[in-house]
Amino acid sequence: SYPDDCYFLAIKMAENEGGTDVTEEQKRVVQTYDNLKRELLELYSKIAEIDADKSEHELVLTQLNGLNGSRKCWQQVGEVLVESNVETVVPVLEEKKKHIEEAIQTLQKQVQLKENELGELQKRYKIQVKPQVGVN
């Protein structure tokens with residue numbers, strides 16, 4: 001039981017190979033293709049989520065920039081607000097932002113690998129993806 005688009009893909013593969021029945025290999029290829037697409041969507045979603053965190057860190061750092069280092073501020077640690085000062089919080093935020101940027105780069109490398117793998121699968125099995133009607 002495959003989603004309609006995957007079953008359609010398997011039937012098209014069978015027709016391209018001169019047959020009408022979907023073979024086990026074709027089912028496996030379709031499932032691999034579907035899994036890769038799903039993994040890519042998950043990676044894109046995670047990148048967007050982490051990028052939003054990065055933007056929040058940048059916004060806070062911009063607001064704190066130029067303030068007196070001894071000025072009191074609050075930092076959320078888990079679900080607890082902790083009193084601190086600007087001088088203490090800014091380096092912590094900059095370090096967290098750096099780790100977030102590294103995580104984004106790592107995820108982008110994973111996306112590139114998955115896209116390459118998907119492209120190789122499409123090329124090897126002559127998979128043609130048609131845009132879905134009505135999807136923006």
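Read-outs: derived from the displayed coordinates by stated rules, not from any lab. Because the structure is a prediction, the values reported are computed rather than measured. Cβ placement follows ideal geometry from the backbone for every residue including glycine, while neighbour counts extend to all protein chains displayed.
How about the range 53-100: which trypsin sites (Lys or Arg not before Pro) there lie in a loop by DSSP and see at most 13 other Cβ atoms within 10 Å?
Here the trypsin sites (Lys or Arg not before Pro) that fit, given the DSSP loop and packing criteria, are ARG71.
In straight Cα distance, which lysines are under 19 Å from LYS37, not counting same-chain residues fewer than 8 positions off?
Answer for LYS37, where 19 Å is the Cα cut-off: LYS12, LYS27, LYS46, LYS109, LYS114, LYS123, LYS126, LYS130, listed by chain and number.
Between ASN116 and VAL129, how many nm apart are label points set 7 Å from Cα along the C-beta direction?
Modelled inter-label distance: 1.8 nm.
Calculate, for GLN76 and ASP51, the FRET efficiency according to 1/(1 + (r/R0)^6) with r their C-beta to C-beta distance and R0 25 Å; round to the nearest 0.05.
It comes out at approximately 0.80.
Roughly what would the spin-label model give for VAL92 and LEU64, points 7 Å off Cα along C-beta, in nm?
Placing both labels 7 Å beyond Cα along the Cβ direction yields 0.8 nm.
Go through the range 33-136 and name the GluC sites (Glu not before Pro) that are in a DSSP coil and have 14 or fewer other Cβ atoms within 10 Å of their Cβ.
Listed in order of number, the matching sites are GLU79.
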